[in-house]
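The values are calculated or read from the model by the stated rules, or taken from the named source; none is laboratory data. For clarity, every value in this text was computed on a predicted model and none was experimentally measured. Every residue, glycine as well, gets a Cβ built from its backbone with ideal geometry; the counts of neighbours run over all protein chains shown.
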Amino acid sequence: MWEELYKTHYRELVAYGIHMTFSKELSEDLAQETFIKALINCEVLEGLTAGKQRAWLYRTFKNLLFDRYRRKNMENEYIQSLRYQDETEGQFDEVESDMLLQSVSLDERLLFCLRYIEGYTAAEISEMLKIPPGTIRSKLSRCRKKLKANIDF
């Protein structure tokens, strides 16, 4: 019975899998897993007609394929969550950043926010506040040093 079942349906299952997955290797793997499941459940298959055996093989193949896709999606989600953790590791959250900025003067905080949060250049800040660009850069340098000193504690 097993040889006949294998000879009759193996190529058929592989072709079906190629149509669904576009991968011959994956289809062959799934077909092999399907026949392993069939061997494990031999008492079930022996009691079925040829048409029902074929339907059982196709359903098992399809379930194995779906299980593999679900597992792959779960792995991808897990990997994405690890990447997100890696990207955010070592960074301050918003509350910590606000608390740190409270440690510098209001003028320094304004310059720091305009430059590093809003993204303006020193020349643009100079035009807005009517302060020479060199003064902006030196104040930003002092502000960064103060912030760094507060981070190190």
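Can you tell me which residue in the stretch 13-53 is surrounded by the fewest Cβ atoms within 10 Å (Cβ to Cβ), limited to those that are of a type in the set (Asp, Glu) and touching a residue at least 24 places away in the same chain (Cβ under 8 Å)? Before you say what the answer is, go through the steps one by one.
Here is the first cut: in the stretch 13-53, the ones of a type in the set (Asp, Glu) are 25, 28-29, 33, 43, 46.
From what is left, the residues that are touching a residue at least 24 places away in the same chain (Cβ under 8 Å) are 33, 46.
Numbers: GLU33: 16, GLU46: 9.
Top of the filtered list is GLU46.
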Q.
I'm trying to understand the selection: among the residues of the stretch 29-52, which are hydrophobic (A, V, I, L, M, F, W, C) and farther than 12 Å from LEU64 by Cα?
A. ALA38, LEU39, ILE40, CYS42, VAL44, LEU45, LEU48, ALA50
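Residue by residue, here is whether (1) assigned to a helix (DSSP H, G or I); (2) modelled with pLDDT under 80 holds:
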position	(1), (2)
LEU64	yes, no
ARG68	yes, no
ARG71	yes, no
GLU87	yes, yes
PHE92	no, yes
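Quick grid of which residues meet (1) among the hydroxyl-bearing types (Ser, Thr, Tyr); (2) in contact (Cβ under 8 Å) with a residue 40 or more places away in the chain; (3) not in a helix (DSSP H, G or I):
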| residue | (1), (2), (3) |
| --- | --- |
| LEU100 | no, yes, no |
| GLU124 | no, no, no |
| MET128 | no, no, no |
| ILE131 | no, no, yes |
| ARG137 | no, no, no |
| LEU140 | no, no, no |
| LYS145 | no, no, no |
